[in-house]
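First the structure, in the form of structure tokens, and then the observations on it.
The values are calculated or read from the model by the stated rules, or taken from the named source; none is laboratory data. Remember, predicted model here, so these are calculated numbers, not experimental data. Cβ atoms come from the backbone with ideal geometry, glycine included; neighbour counts cover every protein chain shown.
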Amino acid sequence: MASTLSSLLSRTTLTDHDEILSAANAVLKRSKGDADAQHVKAVALLKLDRFDDALRVFEAGGDALKERARLGYAYTLYKSGRPEEAAEVADHDGAERGLRHLLAQATYRAEKFERAREVYGQLGGREAQARGEENDIRINAGAVDAQLEWAGMGELVQKKKPVREDLEAFETAYNAACGCIARGELGQGEVLLKRARDLCNALEELTEEEKVAEIMPITVQLVYVLCRLGKMEEAERLSSTIHIPDIPDLSTRHIAQVNALCSSTESTNPYLSQRLFSNTPKLPASDRLFTYQSSTLRQNAYTMDLLTLKTSGVAKSTSEFLSSQTDLPTSASIATISVLNAAATANLQSGKPGIKAMLPLLEKRPNDVGLVLTIIQLYLKDNNNNGAALTLLTTFLSRLEASGTPTDLETRYTPGLVSTLVALYNLQGRSAAMRTELANASSYWQTHSESSRPPSSLLRAAGSALLASHDPTDLRKAGEIFESLLEADPTDRLATAGLIAAYATTSPEKIKQTHLDALPPVARLTADSDAAALESAGVARPAAAALGPVSAKRTAPQKEKQSKAKKVRKSRIPKDFEEGKKVDPERWLPMRERSYYRPKGRKGRARAAGLTQGGVVVEEKAGSRSETPTPAGKIAGGGGGPGKQKQKKKGKGGKW
């Protein structure tokens, strides 16, 4: 049977894949279990890009065919949109070089970028130079570095700046541009994208159709960068040159449609924009987007729904999405959807109405990072209420810390949340609290470095903050932080300088000569400084505002405003009022309660004397030169004379 197949294949050429497939089918009709015919049929189907049919052949052939044609089976899985399974098949001991190449590509599509970087590192070297694969490996390794930046693992990328060899080919220039865009270096990315476009246009070995196909993704990416840079008119002109329906790659076509909507400078109908946004065919499994791309497009879809006032639908769908996720709540894709869910729940309200609508959500989802950050943002926007924002964040972080679970603790010390708390402390001038928070965060990441990689940016911030303290304990802690940074990257000059500054006063013996040699000499730093001129100029005294916040608040002195004299109505002025004369302070009291009141007549004076408690009343008697004291409370009586009280006579009348 094998000789029959060989005779059939001898009458075909290497490009007659249909004839080879027909010959293999003819043999399989007579013998279904012929392993050679099954192998030939699978390879012919792969050559014809009929990957689903090839996969069915491998499944029908069983483990024997899969083991015999491991490379073909792994490639079939990869082209069928199943890169995870393809990587498992290709990853085994003693794999040949072709299978190692497929393993690197499959792990790249499966978004296992660390493993892909490792495999490409093994494929490089002298053997790659001998086989003429060096250029291809460098291009693919650059694509992996760009994806590491997009995935938030930029610390694994050693080459942060493009070198000369990256500017020699349009593929390497494009990969370097993508890495810059992922790091937020948009200006550099724009320059590299234009360089890649020019290099591709200058190639003579490519046909015009091939050039158009290669330049298309470069142009789509350039439109995105121009939009991010705010060059909307240039982005719109460039986007108008793209004929979107002619793009063969469906994922690129969808991204180009979204960029065209974003680059439009005209005010468009949101309902029409939503229709254009969703007017894209469903992407096949073999052409699926990366996670960061699909996450951004999902956010765009929800944003378009909010613009068309579909708040209830967005609130429901985003709640279902959040409940189905198992990743950390600090994931960018999850946190952003939480923000959109909060906006939809609050009916796009901000300020106090928005906060009032979002606070009940926090009771249902107490560990929702995106929701907490949204409320904090509204607090800060509402009259800069950083006190309420700080209280909310500290309560949230304390709850996570009290939980004690590994997931909650990792969320608690996420660099983004730590930096937010430090920023709120900084608004209140609480430098000691800032140092404490950064020190605790660095201690957590250093002790949990086995399960996850310590974020270098957070460690640098913690070390720099501890250097500002004069406490030897804080300085030793800063030295330990910079030591760990140097172990991860011996070329880190900031960590070297921090280690020297930390140990200069506490542990100078830990400073090595290699540390000192890594820093620039003092003479070079002070070469352009004139000490005599600085001394003659005197010492500049800093402004009061530059001395930092003080504990007690002082208000700026205000000029006394001259109050305008209020005109008093004539009916309110007393009859005996004279302008310039001192007004009686007791004028509001009744006359009998004033200090200068003197009653008229003997009866009035006697009544006034009787009201005196515990005092002595002096009464002058007529015809007497001496004054006789009389106990208070009694009325002094006398004989005749003018001082004697006359008795009232009874009037005449009838009998009783």
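Just name the residue that is nearest to the chain's Cα centre (by Cα) out of those in region 175-185 that are over 16 Å from THR219 (Cβ atoms) and of a type in the set (A, V, I, L, M, F, W, C).
The extreme case among them is ALA182.
Which of the residues that make up region 297-340 are within 18 Å of the chain's Cα centre (by Cα) and without any contact (Cβ under 8 Å) to a residue 40 or more places away in the chain?
Within region 297-340, ASP327, SER331, ILE334, ALA335, ILE337, SER338, VAL339 qualify.
Are any of the residues in region 188-196 under 19 Å from GLU118 (Cα atoms) and either of a type in the set (Phe, Trp, Tyr) or under 32 Å from the mean Cα position of the chain (by Cα) (or both)?
No, region 188-196 contains no residue that is under 19 Å from GLU118 (Cα atoms) and either of a type in the set (Phe, Trp, Tyr) or under 32 Å from the mean Cα position of the chain (by Cα) (or both).
Name the pairs whose Cβ atoms lie under 6 Å apart, with the first residue in region 56-79 and on the phi < 0 side of the Ramachandran plot, the second among the charged types (D, E, K, R), and 6 or more positions between them or separate chains?
Close Cβ pairs (under 6 Å, with a partner that is among the charged types (D, E, K, R)) amount to VAL57/LYS41; PHE58/LYS66; TYR73/LYS66; LEU77/GLU85.
Among the residues of region 107-115, is any among the aromatic types (Phe, Trp, Tyr), touching a residue at least 40 places away in the same chain (Cβ under 8 Å) and part of a helix (DSSP H, G or I)?
yes
Inspect all residues belonging to region 34-55 and state whether any of them is more than 44 Å from the chain's Cα centre (by Cα) and of a type in the set (Phe, Trp, Tyr).
Scanning region 34-55 turns up no residue that is more than 44 Å from the chain's Cα centre (by Cα) and of a type in the set (Phe, Trp, Tyr).
Need the failing condition index for THR374 against (1) touching a Phe, Trp or Tyr at 6+ places or on another chain (Cβ under 6 Å); (2) surrounded by 21 or more Cβ atoms within 10 Å (Cβ to Cβ), just the number.
Exception for THR374: condition (1).
The rows are residues; the columns are (1) in the same structural domain as VAL418 (by TED's automatic domain parsing); (2) aromatic (Phe, Trp, Tyr); (3) surrounded by 20 or more Cβ atoms within 10 Å (Cβ to Cβ); (4) modelled with pLDDT under 90.
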| position | (1), (2), (3), (4) |
| --- | --- |
| ALA433 | yes, no, no, no |
| GLU437 | yes, no, yes, no |
| ALA441 | yes, no, yes, no |
| GLN446 | yes, no, no, yes |
| LEU458 | yes, no, yes, yes |
| HIS470 | yes, no, no, yes |
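Within region 472-486, is there a residue that is surrounded by 17 or more Cβ atoms within 10 Å (Cβ to Cβ), closer than 27 Å to LEU371 by Cα and not assigned by TED's automatic domain parsing to the domain that holds GLY370?
No, region 472-486 contains no residue that is surrounded by 17 or more Cβ atoms within 10 Å (Cβ to Cβ), closer than 27 Å to LEU371 by Cα and not assigned by TED's automatic domain parsing to the domain that holds GLY370.
Taking GLN105 as meeting all but one of (1) crowded, with 18+ Cβ neighbours inside 10 Å; (2) in contact with a helix residue (DSSP H, G or I) (Cβ under 6 Å, 6 or more places away or on another chain); (3) not β-branched (Val, Ile, Thr), write down the number of the exception.
Against the list (1) crowded, with 18+ Cβ neighbours inside 10 Å; (2) in contact with a helix residue (DSSP H, G or I) (Cβ under 6 Å, 6 or more places away or on another chain); (3) not β-branched (Val, Ile, Thr), GLN105 comes up short only on (2).
Residues in region 406-423: is at least one of a type in the set (Gly, Ala, Ser), over 30 Å from GLU480 (Cα atoms), assigned to a helix (DSSP H, G or I) and in contact (Cβ under 8 Å) with a residue 40 or more places away in the chain?
No, because not a single residue in region 406-423 is of a type in the set (Gly, Ala, Ser), over 30 Å from GLU480 (Cα atoms), assigned to a helix (DSSP H, G or I) and in contact (Cβ under 8 Å) with a residue 40 or more places away in the chain.
For SER350, only one of the following conditions fails: (1) in contact with a Lys or Arg (Cβ under 8 Å, 6 or more places away or on another chain); (2) within 28 Å of LEU438 (Cα to Cα). What is its number?
SER350 satisfies all of (1) in contact with a Lys or Arg (Cβ under 8 Å, 6 or more places away or on another chain); (2) within 28 Å of LEU438 (Cα to Cα) except (2).
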